[in-house]
Every structure is written in C-alpha cells, then in structure tokens.
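Student: The following block contains the structure, expressed as structure tokens.
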There are 2 protein chains.
Amino acid sequence: MSKATLAIIAAVSAATGAAATAALYSSRKDSTPTPSASPTSTTPTAPRAPSPVTPATPTRTPLTHPVDPSGLFQYGFPGPTADLRTHPSLTLSYDRRTRNPHWVAEHITPASLAASNADRRHSVFVEDTSIPEPFRAKLKDYFRSGYDRGHQVPAADAKWSQEAMDSTFVLSNMCPQVGEGFNRDYWAHLEDFCRRLTHRYPSVRIVTGPLYLPKRDSDGKWRVSYEVVGSPPNVSVPTHFYKVVFGEDGRTGGEVAVGAFVLPNAHIDNAKPLAEFEVPVEAVERASGLEFAKLLPAQRRKRLCREVDCSILVKEYGDRQKSFGRQQGGQGGRGLPSSS
Amino acid sequence: MSKATLAIIAAVSAATGAAATAALYSSRKDSTPTPSASPTSTTPTAPRAPSPVTPATPTRTPLTHPVDPSGLFQYGFPGPTADLRTHPSLTLSYDRRTRNPHWVAEHITPASLAASNADRRHSVFVEDTSIPEPFRAKLKDYFRSGYDRGHQVPAADAKWSQEAMDSTFVLSNMCPQVGEGFNRDYWAHLEDFCRRLTHRYPSVRIVTGPLYLPKRDSDGKWRVSYEVVGSPPNVSVPTHFYKVVFGEDGRTGGEVAVGAFVLPNAHIDNAKPLAEFEVPVEAVERASGLEFAKLLPAQRRKRLCREVDCSILVKEYGDRQKSFGRQQGGQGGRGLPSSS
C-alpha cells in the first residue's frame with residue numbers, strides 16, 4: 001500500500017482518536033456559549049449606524065446589531081460557485097480555483113456499452129465556454145505541459161452516441177494526467193475494470209475526480225505540493241485521482257456494492273494489484289471534502305471488493321483502443337465473474 | 001512588489017493574450033458542435049436499460065438516453081458544500097477540503113468601533129461544531145503546530161458586544177498564520193489600516209480569506225506547496241491571505257472605494273509599504289475562484305488607494321492590544337485623512 005494511501009486511511013481511522021481529544025476540550029467548550037446561540041449577549045450600546053445601502057439579500061442580521069456583514073452580497077455573492085453541468089454522458093461539478101472538476105459522475109449499463117454509434121476520431125477537445133473566462137481551463141494550458149488531457153469520464157464509456165462521446169471531450173471533464181504509465185496504462189486498466197463490472201451488475205455508477213494529498217517531508221511535516229500548468233499558471237495538476245464505484249443490483253432499494261480507489265498521478269507498475277489502491281469511501285470524502293454515500297443506508301451497502309475480484313486486466317493501450325468495441329460485453333475480466 | 005504578487009497580476013493581465021490564443025483554436029471549436037447543443041446527435045440504437053432505481057432528483061436526462069448520470073444523487077449530492085455561516089459579527093463560507101474558510105465578510109462603522117462592550121479575555125477559541133466532524137478544523141490541529149490561530153475577522157472589530165466578539169473566536173473564522181512578523185505584526189497593522197478607514201468612510205466592508213498560490217521553482221515550473229497541520233494532517237496552511245476592502249460613502253447607490261491586498265503568510269518587514277501588496281480585485285478573484293464585485297457598476301467604483309493613502313501605522317503589538325479601545329476613533333492614521 002502506498003504511503004499516500006496510508007496517510008488518508010490514517011486520517012480516517014484517527015477519527016476515534018479525535019473523539020478522545022475532543023473530550024479533552026469539552027469542559028472548555030461547555031463553559032463557552034456557542035457563538036450563534038449565546039444567552040449572554042449584550043445589547044450593543046452603540047447607536048445603529050445608518051445603513052448606506054438598500055438591503056439586497058434575504059439573510060439579514062437582526063436590526064439590533066450595529067453592523068450587517070451579509071450586506072456584502074449587494075456586490076454579488078462571492079461564491080464559491082461549483083458550476084454544475086449535465087451532459088448526456090456525465091454530470092460534473094467544476095472547481096473554479098483549481099480549474100479541474102470536483103467530481104464527474106457517469107452511469108454505464110451492459111446496453112449502453114454494447115452500443116457503438118460513436119468514433120473518438122470524430123471528437124475533439126473543447127474548452128468549456130460555459131465557465132467564466134478567468135476560471136476556465138484552456139487548451140493552451142495543456143499544450144506542451146507534459147501532461148495528458150485526462151478524461152475523468154472516459155470516451156469509451158459513451159459510445160452510445162457521438163453527442164455523448166463528444167461531451168466527454170469538454171475540458172471540464174479533464175485533469176492533467178501523467179500519460180505514460182498512468183493515463184494510457186494503469187488508469188486505463190482501472191477504467192476497463194469499471195466497464196467489466198457491468199458483467200456482474202446491470203447498472204454501474206462511477207464518480208471520478210482529482211485529489212491534492214499531502215505527503216510527509218523529510219522534516220516530518222506534511223505538505224501538499226502540486227504543479228500548476230499554463231503560462232500564466234492556470235490548471236492544477238492533481239497529486240492523485242479517485243474513483244468511487246457503485247454496482248447496483250437493478251432492484252429499487254436493492255443492494256449496492258461500493259468501492260473506492262485512490263491512485264497517484266504517476267507511473268504505476270502494471271504488476272501492482274488494484275486491491276492496493278482500494279480505500280474506504282470515507283477516506284476519499286475526508287480528502288476531497290465531498291460526500292458520496294450519505295443517503296445510502298448501511299444495510300443496502302456491500303463492499304465491492306468482497307463481491308468481485310478487484311483486479312486489472314492488462315492489455316496494451318493500442319490494442320485496447322482498437323479492439324475496445326468488439327471486446328466490450330464479450331470478454332469477462334480475469335477473476336471477475338461474468339453475468340452473461 | 002513580491003514575486004507572488006507579480007505572478008497573480010501576470011495571470012490577470014494575460015487575459016488579453018488568452019483571447020488571442022482562443023482565436024487560434026476558434027476554427028477548431030467552430031467546426032465542433034458544443035457538447036450540450038449538438039445538432040448532429042444520433043439517437044442511440046441501444047435499448048434503454050431498465051432503471052434500477054426510483055428517480056430521486058428533478059434534474060434528469062431525457063428518457064431517450066440509455067443512462068442517467070445524475071441518478072447518482074439518490075445517494076446524496078456529493079457537494080462541495082460551502083457551509084455558509086452567519087454570526088453577528090461576520091458571515092463566512094467554509095471550505096471542507098482545506099478546513100479553512102473560503103472567505104469571511106465583516107462590516108464596520110465608526111459607531112460599531114466606538115462601542116466597547118467586550119473583552120477578548122472573556123472569549124475562547126472554539127471548534128465550529130456545525131461543520132461535520134470529518135471536515136472540521138480542530139483545536140488539536142493548531143496545538144503545537146507552530147502557527148497562530150489567525151482570526152480572519154479580527155476580534156478587535158467586534159467590540160460592540162461580547163457575543164459578537166465571541167463569534168470571531170470560532171475556528172471557521174481562523175486559518176493557520178505565521179505569528180511573529182505576520183499575524184502579530186504586519187497583518188495586525190493591515191487590520192488597523194482597515195479600521196482607520198472608518199475615519200473617511202461611514203461604512204466599511206472587508207472580506208478576508210486564504211490563498212494557495214503557486215511559485216516558480218528553480219526548474220521553471222510553477223508549484224503550489226503548503227503545509228497541512230494536525231496529526232493526522234487536517235488544516236491547510238495558506239501561502240497567502242487577501243483582504244478586499246469596500247469603503248462606502250453612506251449613500252444608497254453611492255460611490256464605493258475598492259481595494260485589494262495580498263500578503264504572504266510569512267514574516268514581513270514593517271518598513272515595506274502597504275502599497276506593495278495592493279493588487280487588482282480581479283487578481284484575488286482569479287486566484288481564489290471567487291467573485292467580489294460582480295454587481296458593483298464600474299461608474300460607482302473608485303480605487304481605494306487613489307482615494308486614501310494606503311499605508312500602515314506601526315505600533316507595538318502589546319501596546320496596540322492594550323490601548324486599542326482608547327485609540328479607536330480618536331487617532332487618524334498616518335496620511336489617512338480623518339473624517340471627524
């Protein structure tokens with residue numbers, strides 16, 4: 001298991017320790033009124049200053065306060081605006097600070113993968129012009145950056161229509177990814193593993209996105225460090241990527257097999273078992289600030305890698321690209337039982 | 001002007017260049033249908049797979065599509081959730097990934113600063129228990145971290161009630177800040193400068209927050225690098241902090257003097273002029289992914305540092321803490337005209 005993986009798992013398992021530490025501070029906290037519900041508030045003696053502006057927002061502080069912090073919203077809400085975009089093949093939330101998505105969600109089924117109505121040679125990479133220019137990832141940022149424009153939802157998952165495939169080529173579905181050894185190799189094998197899950201599950205959902213994880217330096221301190229590509233620097237290069245996978249049994253309220261994987265944005269030896277990159281979903285949540293299974297009841301939830309053999313099937317990139325259409329639905333993965 | 005400041009200014013002024021580059025790609029883009037409005041979409045030949053779940057979200061893709069990416073939301077919306085918190089003295093948006101605020105907004109007036117109904121010795125630092133535990137900054141994260149629990153809205157701006165001051169001590173109003181030479185020195189002088197603006201403007205709004213800026217390494221590449229404190233690592237240490245300041249003339253629809261400052265989270269020599277840290281508001285927007293003056297018409301907008309002398313008034317930290325109440329409203333800053 002990689003050091004980074006260990007670090008985020010440590011962060012999760014430390015929750016128990018955190019509870020103990022919280023107890024240390026609880027007497028202090030208990031003796032302090034919470035800021036928003038203090039029973040000891042004093043009425044300000046200062047006269048209310050004349051409000052220089054017309055109230056523009058419904059969330060105003062009471063008039064007994066001499067100031068109005070939310071009055072800032074007269075100049076516009078600062079954000080962050082997590083631009084939500086829905087395309088035929090994917091739904092995503094865009095991060096205006098890193099110029100990468102927060103997450104991209106997709107849905108694949110045996111039928112959607114069996115269809116072959118699109119050719120990636122007809123798709124071209126395009127900027128997402130729906131994102132305001134100052135926050136937009138640009139084609140020129142990737143140009144000669146040394147990184148691939150790495151699909152979060154892969155083109156090969158959207159062969160059911162050219163429009164669907166085209167919509168995977170928008171830059172808001174991309175992050176800078178290491179090409180050789182990662183995007184074109186191990187990461188592609190992971191994408192293939194996800195597709196092969198449709199042999200077992202009639203409906204598979206995948207959420208993919210970037211992470212910016214700290215690592216421990218020689219001085220013992222944890223630091224996040226990542227490149228920003230473009231001139232001027234614009235698009236952040238994630239240190240890691242995650243996939244959270246849901247294998248659905250096809251019944252309303254049925255069982256859902258959930259698995260999460262975190263891979264470094266780096267060359268990965270194909271000999272490394274996929275299981276080494278499996279992490280608790282909670283580890284991805286803690287690292288990303290997101291939540292993936294909040295509304296999924298525990299009794300419906302199964303652990304994916306207990307239900308199926310989580311392993312990659314190594315094929316050469318060129319072969320895979322060429323033969324993907326023919327192989328889909330016709331070839332069971334190594335160790336992954338085929339439902340057909 | 002510091003290198004980092006230059007970098008973000010470069011990012012802003014490069015917008016013109018970006019437009020030219022976009023033109024290079026425009027023929028390519030024009031020949032490609034935009035993903036969401038392609039006139040060449042093919043109807044998928046694959047039969048619609050049975051939906052395994054009851055639709056739970058109003059934003060569904062049309063039924064002609066074989067898949068439903070937004071169906072993920074049945075397990076909960078992933079976020080990001082930018083927790084918005086309103087307190088008497090401040091309004092903030094919390095970043096669950098960095099465990100710091102995105103921004104904290106405050107409002108000060110001559111009257112609110114003249115009031116003195118609170119004592120910071122009665123306030124204690126508290127965790128923001130309204131933030132879910134996995135995403136919460138903890139007191140123990142700061143303990144022995146080497147960094148101050150740096151107020152974004154300063155306690156001294158909320159003397160008008162003990163409740164108001166207490167609400168500045170919640171950890172969601174904090175970021176890890178370098179103490180000596182920054183939080184207790186130059187940064188405090190900047191806070192003082194903001195307060196002195198009430199001698200000129202009857203209403204002053206200040207938005208404060210962290211930045212994570214790249215710097216150019218010796219290999220010519222731009223990298224963001226920051227420490228994460230806590231064990232396990234939990235709270236990000238920003239590389240810089242910004243303040244966006246609005247001096248309001250007190251008239252509805254009146255003039256607003258806007259200034260923005262970006263300071264490194266590091267020791268800063270008191271001899272450095274504040275003007276060296278002034279940046280265009282757009283530079284803070286680009287770096288933070290936020291927007292601060294979207295709804296402020298250009299004709300109402302003035303440049304703060306043309307209206308007043310943007311300079312700090314150096315006082316020793318201990319003296320300032322002791323005498324702050326007495327001095328407020330009674331002493332004009334060096335070069336800053338007093339309205340009284």
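Student: Out of all DSSP beta bridges with both ends in segment A:84-327, state the antiparallel percent to the nearest 5.
Tutor: Of those bridges, close to 90 percent are antiparallel.
Student: For a label point 7 Å from the Cα of A:Lys302 along Cα→C-beta, name the residues of segment A:253-275 whose backbone N is under 13 Å from it.
Tutor: So the set is A:254-259.
Student: Still on this structure: What are the label-to-label distances in nm, one decimal and shortest first, from A:Gly76 to the same spot in the other copies, with labels 7 Å along Cα to Cβ?
Tutor: When each copy's label point is compared with this one, the spacings are 3.3 nm.
Student: Which trypsin sites (Lys or Arg not before Pro) from segment B:232-291 combine a DSSP loop assignment with at most 15 other Cβ atoms within 10 Å?
Tutor: Sites meeting the loop and neighbour criteria: B:Arg251.
Student: Related question: Any idea what Rg and Dmax come out to for segment B:84-125 if you just take the C-alpha atoms, in Å?
Tutor: When restricted to Cα atoms, segment B:84-125 yields Rg and Dmax of 13.2, 37 Å.
Student: Which percent of Cα pairs goes in each bin when the distances of segment B:83-225 are cut into 10 angstrom slices starting at zero?
Tutor: 11, 38, 35, 12, 3, 0
Student: Suppose R0 equals 45 Å. What FRET efficiency, 1/(1 + (r/R0)^6) with r the Cβ-Cβ distance, do B:His122 and A:Ser231 give to the nearest 0.05? Mind showing how you got there, number by number?
Tutor: On the way: r = 52 Å, r/R0 = 1.15.
Taking R0 as 45 Å, the efficiency between B:His122 and A:Ser231 is 0.30.
Student: Taking other Cβ within 10 Å of each residue's Cβ, how do B:Trp187, A:Trp160 sort, fewest first?
Tutor: Listing B:Trp187, A:Trp160 from fewest to most nearby Cβ atoms yields B:Trp187, A:Trp160.
Student: Given the peptides B:223-235, B:75-87, arrange them by the average over their residues of other C-beta atoms within 10 Å, most packed first.
Tutor: B:223-235, B:75-87
Student: Within segment A:166-202, name every residue whose backbone N is under 18 Å away from a label modeled 7 Å from Cα of A:His267 along the Cβ vector.
Tutor: Within reach of a label on A:His267, which here means backbone N under 18 Å from a point 7 Å along Cα→Cβ, segment A:166-202 contributes A:177-189.
Student: Post the alpha-carbon centroid distance, segment A:116-177 to segment B:159-204, in whole angstrom.
Tutor: The distance from the Cα centre of segment A:116-177 to that of segment B:159-204 comes to 44 Å.
Student: FRET efficiency for A:Arg144 and B:Thr64, Cβ-Cβ distance as r, R0 = 60 Å, nearest 0.05?
Tutor: The formula returns an efficiency of 0.90 here.
Student: On the rotation axis linking copies A and B, which residue of A comes nearest by its Cβ, and by how many whole Å?
Tutor: A:Ser225, 2
Student: Right, here's the next one. Take peptide B:290-296, look around each residue's Cβ out to 10 angstrom, count Cβ atoms belonging to other protein chains, and average those counts.
Tutor: 6
Student: What are the label-to-label distances in nm, one decimal and shortest first, from B:Arg251 to the same spot in the other copies, with labels 7 Å along Cα to Cβ?
Tutor: 7.2
Student: Okay, next question. At R0 = 22 Å, how high is the FRET efficiency between A:Arg216 and B:Ser218 if r is their beta carbon distance? Nearest 0.05 is fine. If you can, show how the numbers build up before the last one.
Tutor: Working: r = 22 Å, r/R0 = 1.02.
Given R0 = 22 Å and the Cβ-Cβ separation, E is 0.45.
Student: With only Lys, Arg, Asp and Glu charged, each at its Cβ (+1 for the first two, -1 for the last two), find how big the charge dipole of segment A:190-317 is about the Cα centre; round to the nearest 20 debye.
Tutor: 320 debye
Student: Kirkwood Rh and Cα-based Rg: tell me the resulting Rg over Rh for segment A:71-141, rounded to two decimals.
Tutor: Using only Cα positions, Rg/Rh for segment A:71-141 is 1.10.
Student: Mind checking the dipole of segment A:204-253: about its Cα centre, +1 per Lys or Arg Cβ, -1 per Asp or Glu Cβ, Debye to the nearest 20?
Tutor: Magnitude of the dipole: close to 100 debye.
Student: Restricting things to alpha carbons, tell me how big segment A:84-327 is in terms of Rg and Dmax, in Å.
Tutor: 17.5, 54
Throughout, read-outs are computed from the coordinates displayed, never taken from laboratory work. Note that the structure is predicted; figures quoted are calculated from it, not measured. In this analysis, Cβ positions are derived from the backbone assuming ideal geometry, glycine residues included, and neighbour counts consider all displayed protein chains.
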